[in-house]
Amino acid sequence: MSPLYNIGLHCYACCARIASIRSSKVKKMIDGQRNTFHTLQQAVDSHPGKWIWIHASSLGEFEQGRPLIEKIKAQHPDLNICLSFFSPSGYEVRKNYELADAVVYLPFDTPSNARRFIDTLKPSMAIFIKYEFWGNYLQQLKAHHIPTYLISAIFRKGQIFFLPWGGTFRKMLGCFDHIFVQDDNSKKLLAGIGINNVTINGDTRIDRVNDVKNLPDGQAALLRNFSNRRFTLVVGSSWEPDEDLYIPWLNAHNDACAIIAPHQFDEHRLQLLRKRIDGPTRLLSQWAPEDEANHDIKAVIIDSFGLLSRLYRLADAAYIGGGFGAGIHNINEAAVYGIPVIFGPKHLKFKEASDLIDCGGAYSIADANQLNSTLDNLKDDLAARTQSGKAAASYIAHHLGATDRIYKHIFG
């Protein structure tokens, strides 16, 4: 890569090491990267045969690529899979993922790290999921003639690839043997900069949420009686700006209850959230059989990872957090159950959000008044709620199959 890119990477790595002094999350990443090459070498030594390298930035991207991982392992159990993450939010949750033969943190994208990673693993193929573009790794893959794919990608006009000074990043796109994008606009943008090895293929996340929908109830079975009593709002990835809106509505309606998954659930965060809710609350980890008979419980708060996607099946409507911050959480996880979905205004980067709004399966709100009127309507008008839920479920059903199409293209 260009000297300027590499200097920027070194500066970024230095800043991260300094930040790790105060941030436990960044410290986990730095410490994990130190173990990467040892873990890789052990895995290669103990698992002879071909390796496929699959990289996800964080947990959300992993869930997006998971259907393809499962498809590959089902069809080719002899192939080894190395799963890498950049963010602790992915690695710490999926470090014991049973279908991966090695799970590691991806070291910073320096030329030496990239060479050592590829030389150690010697992958026969590399698959990057959605948003990951690391120039030195991509150059090494191309130099070694290793087939490299980008799946479920989506591009927007303002991204650096399409700006006059984005030449370095345009070169990264040229390292992919094929790019699978979610929509026609992405394909047109790439064609405008000379990238034509592109297929419109949809979003593999939709296949994943459909798979989850067909799993047993799990923890949701514990809360069936709780959710059957009143209008149930399930809140996914709840941030404080979201809580400023939906909690006053919840407190004002005795005929409504909530199941809430906060974006973070350290003890201090949980205490603050519970204090804002009028009436008794329970942590899901502390839910007891006698709680089923307590009709005063106003909210159940999810205090562990991996449960939210199945709990949406208990909802009459879902509120998805993040729309007043960096961007909304996964809305397909809720829509697949045929329920209306609500979120804040920062959803323009997410194609499925606009699509669901257009078909009537979702609602974007900008303030408390809009949220109140939307929730009141969904709570009180069963016909409107049912129609909106059917639209959401229909959208999911009509966008299945991206995983099989990618697999067929890559493996034949």
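Every read-out reported here was derived from the displayed coordinates using simple, explicitly stated rules and does not represent laboratory data. Please read all numbers here as calculations on a predicted model, not as lab measurements. Glycine gets a Cβ as well: all are built from the backbone with ideal geometry, and neighbour counts include every protein chain shown.
Here's the list of aspartates and glutamates a cross-link from LYS28 could span, going by alpha-carbon distance under 18 Å and ignoring same-chain residues fewer than 8 apart: GLU92, ASP109, ASP266. Distance from the Cα centroid of the stretch 329-365 to that of the stretch 164-228 is 15 Å (rounded to whole angstrom). Residue order for ASP211, ASP31, fewest other beta carbons within 10 angstrom first, comes to ASP31, ASP211.
Can you give the alpha-carbon Rg of the stretch 113-173 over 2.2 N^0.38 Å, where N counts its residues? So the Cα radius of gyration is 1.20 times the expected 2.2 N^0.38 Å. Counting neighbouring Cβ atoms within 10 Å and putting the fewest first, the residues TYR97, TYR312 line up as TYR97, TYR312.
In sequence order, the stretch 45-51 has phi-based couplings of 5, 9, 10, x, x, 7, 10 Hz under the Karplus curve 6.51 cos²θ - 1.76 cosθ + 1.60, θ = phi - 60°, and Gly or Pro positions carry x.
What's the FRET efficiency of ASN214 with ILE21 using the Cβ-Cβ distance as r and R₀ = 56 Å, to the nearest 0.05? Write out the running numbers ahead of the final one.
On the way: r = 45 Å, r/R0 = 0.81.
The calculated FRET efficiency here is 0.80.
Remark: spin-label model distance PHE411-HIS76 equals 0.7 nm, labels positioned 7 Å along the Cα→Cβ axis. Which angle between 0 and 90 degrees, to the nearest 10, do you get for helix 382-397 versus the longest principal axis of the chain when only C-alpha atoms count? Once rounded, the angle reads 10 degrees. Entry note: the chain has Rg to Rh equal to 0.98, where both radii use alpha-carbon atoms and Rh is the Kirkwood radius. The stretch between GLN264 and ARG276, if pulled fully straight at 0.36 nm per residue, gains 2.7 nm over its current Cα-Cα span. In this structure, the amide hydrogen of ALA317, modeled 1.01 Å from its nitrogen in the peptide plane, lies closer than 5 angstrom to those of THR232, VAL234, counting only residues at least 5 positions away or on a different chain. When a/c is below 1.5 the answer is rounded, else prolate if a/b is larger than b/c, else oblate, so apply that to the stretch 3-201 with a ≥ b ≥ c taken from the square roots of the Cα gyration tensor eigenvalues. Because a/c hits 1.5 or more and a/b fails to exceed b/c, the stretch 3-201 counts as oblate.
Taking 0.36 nm per residue of separation and subtracting the Cα-Cα distance, what length does fully extending ASP177 through THR386 add?
Values: separation 209, 0.36 × 209 = 75.24 nm, distance 4.41 nm.
Full extension from ASP177 to THR386 adds 70.8 nm.
FRET efficiency for the ASP244 to GLU98 pair, using the beta carbon distance and R₀ = 41 Å, is estimated at 0.55.
Using the beta-carbon distance between GLN41 and ALA397 and R0 = 35 Å, what value does 1/(1 + (r/R0)^6) give for FRET efficiency, to the nearest 0.05?
Details: r = 45 Å, r/R0 = 1.29.
Plugging the Cβ-Cβ distance into 1/(1 + (r/R0)^6) gives 0.20.
Computed about the Cα centre, the dipole magnitude for the stretch 3-201 is approximately 520 debye when only Lys and Arg (+1) and Asp and Glu (-1) carry charge, each at its Cβ.
Here is the list for the stretch 277-364: trypsin sites (Lys or Arg not before Pro) lying in DSSP coil, each with at most 16 other C-beta atoms within 10 angstrom of its C-beta, are LYS346, LYS349.
For the stretch 119-181, applying the loop criterion from DSSP together with a ceiling of 16 other beta carbons within 10 Å to the trypsin sites (Lys or Arg not before Pro) yields ARG156, LYS157. Relative to the longest principal axis of the Cα atoms of the chain, helix 204-213 runs at roughly 40 degrees. Setting aside same-chain residues fewer than 8 positions from LYS349, which lysines have a Cα under 27 Å from its Cα? Those lysines meeting the cut-off are LYS25, LYS130, LYS157, LYS171, LYS187, LYS188, LYS213, LYS390.
How high is the relative contact order of the chain, in percent, with contacts defined as C-alpha pairs under 8 Å that are six or more residues apart?
Values: 713 pairs, mean separation 50.8, N = 412.
This gives 12 percent for the chain.
Considered as an equivalent ellipsoid built on the Cα gyration tensor, the stretch 304-354 has semi-axes of 18, 12, 9 Å, the largest given first. For the chain, take the longest principal axis of its alpha carbons; what is the angle in degrees between that and the long axis of helix 368-380, to the nearest 10 within 0 to 90? The answer is roughly 70 degrees.
What ranking do HIS295, HIS409 get, fewest neighbouring Cβ atoms within 10 angstrom at the top? Working shown, then result.
Details: HIS295 10, HIS409 14.
Ascending Cβ contact count within 10 Å gives the list HIS295, HIS409.
Counting every pair of alpha carbons in the stretch 217-397, the share spaced more than 30 Å apart comes to 10 percent. A simple spin-label model places pseudo-atoms 7 Å from Cα toward Cβ; at SER285 and ARG115 they are separated by 4.6 nm. The GluC sites (Glu not before Pro) of the stretch 1-98 meeting both criteria, a DSSP state outside H, G, I, E and B (loop) and at most 11 other C-beta atoms within 10 angstrom of the site's C-beta, are GLU98. With the charge dipole of the chain set up from +1 on Lys and Arg Cβ and -1 on Asp and Glu Cβ about the Cα centre, the Cα lying farthest toward the positive end among the listed residues ILE7, VAL300, THR281 is that of ILE7.
3J(HN,Hα) along the stretch 158-168: x, 5, 4, 4, 9, 9, x, 8, x, x, 4 Hz, from the Karplus curve 6.51 cos²θ - 1.76 cosθ + 1.60 with θ = phi - 60°, whole Hz, x for Gly and Pro.
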